[in-house]
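*Asks:* Just passing along the structure, written as structure tokens.
The values are calculated or read from the model by the stated rules, or taken from the named source; none is laboratory data. No experiment lies behind these values; they were computed from the predicted model shown. Please note: Cβ atoms are built from the backbone with ideal geometry, for glycine as well, and neighbour counts cover all protein chains shown. SASA here: full protein model, heavy atoms, side chains in, ligands and nucleic acids out. Shrake-Rupley method; radii C 1.70, N 1.55, O 1.52, S 1.80 Å.
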Amino acid sequence: MTGFTTRPTAGASISNDSYLPAHGNGDYRVAHYDIELDYRINADRLTGQVRISASADKWLSRFSLDFGELRIGRITVNNRAVGRYTHRAGKLHVWPARPIPAGTEFTVEVRYVGNPKPVRSQHWGGLGWEPLTDGAIVASQPIGAPSWFPCDDRPDAKASYNISVTTASRYAVLANGRLVSRYRGASTTTWVFDAPEPMATYLATVQIGHYVQLDFPVDDGGVHQRAAVPESVIPLFNKDFGRQPRIMAAFERFFGPYPFAEYAVVVTGDELEIPVEAQGLSIFGLNHLDGRRGSERLVAHELAHQWFGNSLTVADWRHIWLNEGFANYSEWLWSQESGGDSADVQAARCWRRVAAMPQDLILADPGVARIFDDRVYQRGALTVHALRRAIGDEEFFALLRDWTAKYQHGTVRTEDFTALAAQHAGRPLDDLFDRWLFRPALPPATELTSRQG
């Protein structure tokens, strides 16, 4: 039942994220989400059931989940109807029939229905589940996951997932992980995906549309790569994404083994302002196809996020440069690898652009309103290149492979990276990181062109 006005206990319904404490919750940890969805496209109606497996960090007489505007039908904890719950302002507060002792594993099941709406945000517009012209897209970064399932919505709360989606049989469905089964009813098909690697809520996704599914040609033992695209754009897609297997091979040399079982790309039937990263797949719009590889740098950028952002996920949004700086730098690495401008040329060009921008952003702490500021991306890449020039290529690429291996499927902070970089350099790098990460003024371009002593 709803409508109770009991004030939440301080701390239980907030997270430890310094930028977005209202998203995420305390006092428990989720291990697994089992999500079952039925989506009626013409009516834009979503019926869902999620079963959450979690463990209590402390004695829980109440706990909270992040959840948007869908209507709740039933909630159980450990298969028992709850004592009561409230659902308002993006939070679902639950009082189980019996308190949950500290250290105890428990399950929560929530059934819900309604027309999914993006989560409204102060800085980034609507985020999460949105209808396409003929289908649906989920783009949740950073706070849109509660638009389609109740969750602990913070980047460091990573869990495994099983996602089942039922929709009209004329549509194709993609979600995170491997497609483990697909079965057809009278007029609908159910698609079931398993994602065993830990995943942040903002990286969970569902994509629905009139898509033809393709497999990329890869060598034996290579990463399985697939795609879902409108049939009419297959010739353009084959040209614009034709070198993706080569990008994957190059990135595995630079960063270490690809961290997931397979990789998928979706090209929607609509235009998108920017591509969207999710764990194990990336989503592009029709406007990212031109038959001339005009968006190939974005193909590289989104693929690089599988290492930087998805396997290695920021523990707090303050550290976002660790996602975007490395993904942006990966564009430069691919440019040089494929015969385009070298990383040095790209860095010099980028430095001139950033130098013309306001010098008021601290990369390691840009502020919540600017986590997607272009300077986070560009100055982040410049910082990576300055480090490369300071320690030399051999140690730099050894550092990247060590970084992705040591923290695979975990969470990372700026101080984790700077400490590991100093280990590989064999000397303190405090001055370099202080200039590039913790001061607003852009360091001189000379740091990008020659090895520093």
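*Asks:* When both residues are 6+ apart or on different chains and their Cβ atoms are under 9 Å apart, which pairs have a first residue that lies in region 86-104 and is at positive phi and touching a residue at least 40 places away in the same chain (Cβ under 8 Å), and a second that is part of a loop (DSSP other than H, G, I, E, B) and of a type in the set (Gly, Ala, Ser)?
*Replies:* From region 86-104, the pairs are Gly90/Ala22; Gly90/Gly68.
*Asks:* Just one of Glu271, Glu302, Glu262 is within 30 Å of His23 (Cβ to Cβ) and in contact with a Leu (Cβ under 7 Å, 6 or more places away or on another chain); which is it? Walk me through how you get there before you give the answer.
*Replies:* Numbers: Glu302 fails: in contact with a Leu (Cβ under 7 Å, 6 or more places away or on another chain); Glu262 fails: in contact with a Leu (Cβ under 7 Å, 6 or more places away or on another chain).
Selected residue: Glu271, the only one of Glu271, Glu302, Glu262 that is within 30 Å of His23 (Cβ to Cβ) and in contact with a Leu (Cβ under 7 Å, 6 or more places away or on another chain).
*Asks:* Please work out which residue is surrounded by the fewest Cβ atoms within 10 Å (Cβ to Cβ), limiting yourself to region 331-348 and to residues that are over 11 Å from Leu448 (Cα atoms) and among the charged types (D, E, K, R).
*Replies:* Step one: filter region 331-348 for residues over 11 Å from Leu448 (Cα atoms), giving 331-342.
Imposing the further condition that a residue be among the charged types (D, E, K, R) reduces the set to 331, 337, 341.
Working: Glu331: 20, Glu337: 18, Asp341: 13.
Going through the qualifying residues, I end up with Asp341.
*Asks:* So for region 386-396 (the condition being open to solvent by 10 Å² or more (accessible area, probe 1.4 Å), aliphatic (A, V, I, L, M) and either at positive phi or modelled with pLDDT of 95 or more (or both)), does at least one residue qualify?
*Replies:* For region 386-396, residues open to solvent by 10 Å² or more (accessible area, probe 1.4 Å), aliphatic (A, V, I, L, M) and either at positive phi or modelled with pLDDT of 95 or more (or both): absent.
*Asks:* Follow-up. If I filter region 183-215 down to residues being modelled with pLDDT of 95 or more and assigned to a loop (DSSP other than H, G, I, E, B), which single residue comes out as surrounded by the most Cβ atoms within 10 Å (Cβ to Cβ)?
*Replies:* Thr205
A quick yes/no check of all residues on (1) in contact (Cβ under 8 Å) with a residue 60 or more places away in the chain; (2) in contact with a Cys (Cβ under 9 Å, 6 or more places away or on another chain); (3) over 30 Å from Val368 (Cα atoms):
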site	(1), (2), (3)
Gly125	no, no, no
Ser140	yes, no, no
Pro146	yes, no, no
Ala157	yes, yes, no
Asn176	yes, no, no
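*Asks:* Let me ask something additional. What do you reckon, is Gly291 buried (at least 18 other Cβ atoms within 10 Å of the Cβ), of a type outside the set (Val, Ile, Thr) and either under 23 Å from Tyr161 (Cβ atoms) or at pLDDT 95 or above (or both)? Reasoning before the result, please.
*Replies:* On the way: buried (at least 18 other Cβ atoms within 10 Å of the Cβ): no; of a type outside the set (Val, Ile, Thr): yes; either under 23 Å from Tyr161 (Cβ atoms) or at pLDDT 95 or above (or both): yes.
For Gly291, the condition - buried (at least 18 other Cβ atoms within 10 Å of the Cβ), of a type outside the set (Val, Ile, Thr) and either under 23 Å from Tyr161 (Cβ atoms) or at pLDDT 95 or above (or both) - is not met.
*Asks:* Quick one: in region 349-365, of everything that is assigned to a loop (DSSP other than H, G, I, E, B) and open to solvent by less than 10 Å² (accessible area, probe 1.4 Å), which residue is nearest to Arg379 (Cα to Cα)? Break it down into steps so the answer makes sense when it comes.
*Replies:* Going residue by residue through region 349-365, those that are assigned to a loop (DSSP other than H, G, I, E, B) are 356-365.
Checking the rest, the ones that are also open to solvent by less than 10 Å² (accessible area, probe 1.4 Å) come to 361, 363-364.
Numbers: Leu361: 10, Leu363: 7, Ala364: 10 Å.
Looking at the filtered set, the residue picked out is Leu363.
*Asks:* Only one of these is modelled with pLDDT of 95 or more, assigned to a strand (DSSP E or B) and either farther than 30 Å from Val50 by Cα or open to solvent by less than 30 Å² (accessible area, probe 1.4 Å) (or both): Val233, Val265, Val180. Name it.
*Replies:* Details: Val233 fails: assigned to a strand (DSSP E or B); Val180 fails: either farther than 30 Å from Val50 by Cα or open to solvent by less than 30 Å² (accessible area, probe 1.4 Å) (or both).
It is Val265.
*Asks:* May I ask you to verify whether Arg401 is open to solvent by 30 Å² or more (accessible area, probe 1.4 Å), basic (Lys, Arg) and either within 24 Å of the chain's Cα centre (by Cα) or modelled with pLDDT of 95 or more (or both)?
*Replies:* Working: open to solvent by 30 Å² or more (accessible area, probe 1.4 Å): yes; basic (Lys, Arg): yes; either within 24 Å of the chain's Cα centre (by Cα) or modelled with pLDDT of 95 or more (or both): yes.
Taking the combined requirement at face value, the residue satisfies it.
*Asks:* Same structure, new question: When residues of region 367-426 are filtered for being without any contact (Cβ under 8 Å) to a residue 40 or more places away in the chain and among the charged types (D, E, K, R), how many remain?
*Replies:* The qualifying residues number 11.
*Asks:* Only residues that are open to solvent by less than 30 Å² (accessible area, probe 1.4 Å), farther than 18 Å from Val30 by Cβ and assigned to a loop (DSSP other than H, G, I, E, B): list them for region 80-135, please.
*Replies:* The one that is open to solvent by less than 30 Å² (accessible area, probe 1.4 Å), farther than 18 Å from Val30 by Cβ and assigned to a loop (DSSP other than H, G, I, E, B): Pro116.
*Asks:* Name the residues in region 421-447 that are over 21 Å from Val376 (Cα atoms), surrounded by 13 or more Cβ atoms within 10 Å (Cβ to Cβ) and in contact with a helix residue (DSSP H, G or I) (Cβ under 7 Å, 6 or more places away or on another chain), would you?
*Replies:* His424, Ala425
Every residue, every condition in (1) within 15 Å of the chain's Cα centre (by Cα); (2) part of a loop (DSSP other than H, G, I, E, B), yes or no:
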site: Ile283; (1), (2): yes, no
site: Asn287; (1), (2): no, no
site: Arg292; (1), (2): no, yes
site: Leu298; (1), (2): no, no
site: Glu302; (1), (2): yes, no
site: Gln306; (1), (2): yes, yes
site: Asn310; (1), (2): yes, yes
site: Thr313; (1), (2): yes, no
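*Asks:* Count, please, the residues in region 216-230 that happen to be of a type in the set (Gly, Ala, Ser) and outside any strand (DSSP E or B).
*Replies:* Pass one, region 216-230, residues of a type in the set (Gly, Ala, Ser): 221-222, 227-228.
Pick out the ones that are also outside any strand (DSSP E or B) and you get 221-222.
Going through region 216-230 one residue at a time, the tally reaches 2.
*Asks:* From the list Arg297, Arg349, exactly one residue is touching a Ser or Thr at 6+ places or on another chain (Cβ under 8 Å) and among the charged types (D, E, K, R). Which is it?
*Replies:* Numbers: Arg349 fails: touching a Ser or Thr at 6+ places or on another chain (Cβ under 8 Å).
Just one listed residue meets the conditions, Arg297.
*Asks:* Right, here's the next one. Which numbered condition in (1) in a loop (DSSP other than H, G, I, E, B); (2) in contact with a strand residue (DSSP E or B) (Cβ under 8 Å, 6 or more places away or on another chain) is the only one that Thr404 fails?
*Replies:* It is condition (1) that Thr404 fails.
*Asks:* Continuing with the same structure: Can you tell me how many residues in region 17-40 are at pLDDT 95 or above, aliphatic (A, V, I, L, M) and open to solvent by 30 Å² or more (accessible area, probe 1.4 Å)?
*Replies:* Number satisfying all stated conditions: 1.
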